[in-house]
1. Give me a count of the residues in segment 142-158 that are open to solvent by 10 Å² or more (accessible area, probe 1.4 Å), on the phi < 0 side of the Ramachandran plot and not charged (D, E, K, R).
2. Could you tell me which numbered condition Pro79 fails, if it satisfies all but one of (1) open to solvent by less than 30 Å² (accessible area, probe 1.4 Å); (2) under 15 Å from His112 (Cα atoms)?
3. Which pairs turn up if I take residues in segment 110-131 that are under 21 Å from Ala22 (Cβ atoms) and touching a residue at least 12 places away in the same chain (Cβ under 8 Å) and look for partners that are surrounded by 15 or more Cβ atoms within 10 Å (Cβ to Cβ) and of a type in the set (Asp, Glu) with beta carbon separation below 8 Å, at least 6 apart in sequence or on another chain?
4. Among the residues of segment 103-141, which ones are in contact with a Lys or Arg (Cβ under 9 Å, 6 or more places away or on another chain) and of a type in the set (Ser, Thr, Tyr)?
5. Of everything in segment 36-95 that's in a helix (DSSP H, G or I) and of a type in the set (Val, Ile, Thr), which residue is nearest to the chain's Cα centre (by Cα)?
6. May I ask you to say which residue of Glu131, Glu101 is out of contact with any helix residue (DSSP H, G or I) (no Cβ under 9 Å at 6 or more places or on another chain) and modelled with pLDDT of 90 or more?
7. Only residues that are of a type in the set (A, V, I, L, M) and modelled with pLDDT of 80 or more: list them for segment 158-180, please.
8. What residue, among those in segment 104-117 that are within 15 Å of the chain's Cα centre (by Cα) and either in a loop (DSSP other than H, G, I, E, B) or of a type outside the set (A, V, I, L, M, F, W, C) (or both), is modelled with the highest pLDDT?
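The values are calculated or read from the model by the stated rules, or taken from the named source; none is laboratory data. Treat the numbers as computed from the prediction; the structure is a model and nothing was measured. When we count neighbours, we look across all protein chains shown, and the Cβ atoms used for this are built from the backbone with ideal geometry, even at glycine. Ligands, DNA and RNA are excluded from the accessible area calculation, which covers all protein heavy atoms including side chains. Shrake-Rupley method; radii C 1.70, N 1.55, O 1.52, S 1.80 Å.
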Amino acid sequence: SFAGTIGPPQFCEEHPELLSAAPDSNVFLEGLGLCPSKPKALQFLLKYNEEQIRYLDSLEGVAMFLRDAGGCHCAACQPQDQALTKLASTYHTMIKGVSPELQAALISWHIHISEVPTLAAKLPPDMLIFEAPRIHAIDVPQSEFVERVKRWQESGRRVEGWIEVQENPTALLPTVYPDRLSNMIGLMKDLGLSGLWGTATQNPYLFPLNIW
């Protein structure tokens, strides 16, 4: 998986004019969010992520985060549902250009319920939706996850479950995960999700306490 609007530190430092208008990116990602509506930024992001996909030549699919830096709030990136649809579709074209057999998926991290109809209607038909309950975060209620899943399903989209497990001392400690994982897997089955994916990461870049 990759974050579709995050650039490497050196490039972002050298091109501050390409940064996104997203204050949250300065808090969580130290100012590494790029504006996808700026052609030079988008061109760089596509090349940067394509090189990584080509390097990992045993991949069967690629999943993308599009709003992990908070999204860009400049005028060119509004309305957000249309901007996200355009960005996802552009990445889909790139991914299929690397290999037509690669499966492309959109991870729903920070996607709002109100944005689902546009995305569901306009994303490439073969793009999977990975619905993320964000079990290591505390800012989104479970009811919102359930409602978003149902909206995707009502739109005819193939939705699969994606559970993120990372040691995040700012929100949860790992000892809470067994029950939370078990409950979420049960909920995903009840919602009729057709598959279940997971990631397990320690993230010392974002959460330095993990290095201890």
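1. So the answer is 5.
2. Every condition holds for Pro79 apart from (1).
3. His110/Asp68; Ser114/Asp81; Glu115/Asp81; Thr118/Asp81; Leu119/Asp81
4. Selection gives Ser108 alone.
5. Ranking the qualifying residues of segment 36-95, first place goes to Thr85.
6. Only one candidate qualifies: Glu101.
7. Across segment 158-180, the qualifying residues are Val159, Ile163.
8. That would be Glu115.
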